[in-house]
1. Please pick out the residue among 36, 28 that is charged (D, E, K, R) and in contact with a Phe, Trp or Tyr (Cβ under 8 Å, 6 or more places away or on another chain).
2. Report yes if residue 46 is over 26 Å from residue 154 (Cβ atoms), in contact (Cβ under 8 Å) with a residue 12 or more places away in the chain and in contact with a Phe, Trp or Tyr (Cβ under 8 Å, 6 or more places away or on another chain), otherwise no.
3. So is residue 19 within 18 Å of the chain's Cα centre (by Cα) and closer than 22 Å to residue 183 by Cα or not?
4. It is to be established whether one or more residues within region 117-131 are assigned to a strand (DSSP E or B), at pLDDT below 65, among the aromatic types (Phe, Trp, Tyr) and open to solvent by 40 Å² or more (accessible area, probe 1.4 Å).
5. List the pairs whose first member sits in region 13-32 and is closer than 23 Å to residue 81 by Cβ, whose second member is surrounded by fewer than 15 Cβ atoms within 10 Å (Cβ to Cβ), and whose Cβ atoms are under 8 Å apart, counting only residues at least 6 apart or on separate chains?
6. All but one of (1) at pLDDT below 75; (2) in contact with a strand residue (DSSP E or B) (Cβ under 6 Å, 6 or more places away or on another chain); (3) surrounded by fewer than 16 Cβ atoms within 10 Å (Cβ to Cβ); (4) under 30 Å from residue 53 (Cβ atoms) hold for residue 193, so report the exception by its number.
7. Using the structure shown, decide if residue 2 is open to solvent by 80 Å² or more (accessible area, probe 1.4 Å) and of a type in the set (A, V, I, L, M).
8. Criterion first (open to solvent by 60 Å² or more (accessible area, probe 1.4 Å) and either modelled with pLDDT under 90 or of a type in the set (Asp, Glu) (or both)) does residue 84 satisfy it?
Amino acid sequence: IVKNDTIAFNAGAFPTRPNATVEDLLRKLPGIEIDKNGNVTMQGQKVDKIYLDGKEFFLDDPRIATQNLPADIVDQIEAFDSQTERARLTGVRETTGTKSLNIKLKKSRKKGYFGKLYAGAGSGGPASPSSVTSSYSAGGTATSLGDAWLFGTGNTNNMNNQFTGADNKNGPGAGGIQTLNNLQLNFRNNKQKALSFTLNAGTNGTHTTLDQTDQRLTTLTERKST
């Protein structure tokens, strides 16, 4: 459906596999592309904001919504030109060069709880059997929809990888073995129409352990004179 600058896609016309995410659904929509890092573009313009039923929720990173919300709760995906706060208040449209997506929920899925958990453990391999005796990765997400929306995500690992439950291809980096911790909460109150607010909070930490060994070998030979 096309109306003014808004294009609405019926999610039911683009079937996805069970347990698919909104990102999987977006990959099927014409004009929308997603790169290896999960960044979304539409018709060559970056998608910089995601709305949920027309309300702001995932403020800092649209990938939080696209990679964690399940596709089966979506009724429609609306795409339109992004507008600044001043443009929304004055009603005078501005050209920002970016796009916004509005995820319209199915009536039966406007309230509920869903999320995902992951965990794994291992031991040091042939590459560094002494420096890494054990490794671990654990985390998950939780979402609550209703009169108030709450989304939380957290993860920890000692593999020097920003792993969040999906393959992000970052891999281990330099600087030794790092223990990475991350926690983020997004909350929005929708009960009071006259007063609604969104609260974002988070914390993260990194602990680095670097093992270094130097070896020097000197060999002396006897010189013969003639």
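1. Within the list 36, 28, the selection yields 28.
2. Numbers: over 26 Å from residue 154 (Cβ atoms): yes; in contact (Cβ under 8 Å) with a residue 12 or more places away in the chain: yes; in contact with a Phe, Trp or Tyr (Cβ under 8 Å, 6 or more places away or on another chain): no.
No, not satisfied.
3. The answer is no for residue 19.
4. no
5. 31/43
6. (2)
7. So residue 2 passes the test.
8. Details: open to solvent by 60 Å² or more (accessible area, probe 1.4 Å): no; either modelled with pLDDT under 90 or of a type in the set (Asp, Glu) (or both): yes.
Judged against the criteria, residue 84 is not a match.
The values are calculated or read from the model by the stated rules, or taken from the named source; none is laboratory data. Predicted model only: the values in this text are computed from it and were never measured. Neighbour counts are summed over all protein chains in view; Cβ atoms, including those assigned to glycine, are modelled from backbone coordinates with ideal geometry. Ligands, DNA and RNA are excluded from the accessible area calculation, which covers all protein heavy atoms including side chains. Shrake-Rupley method; radii C 1.70, N 1.55, O 1.52, S 1.80 Å.
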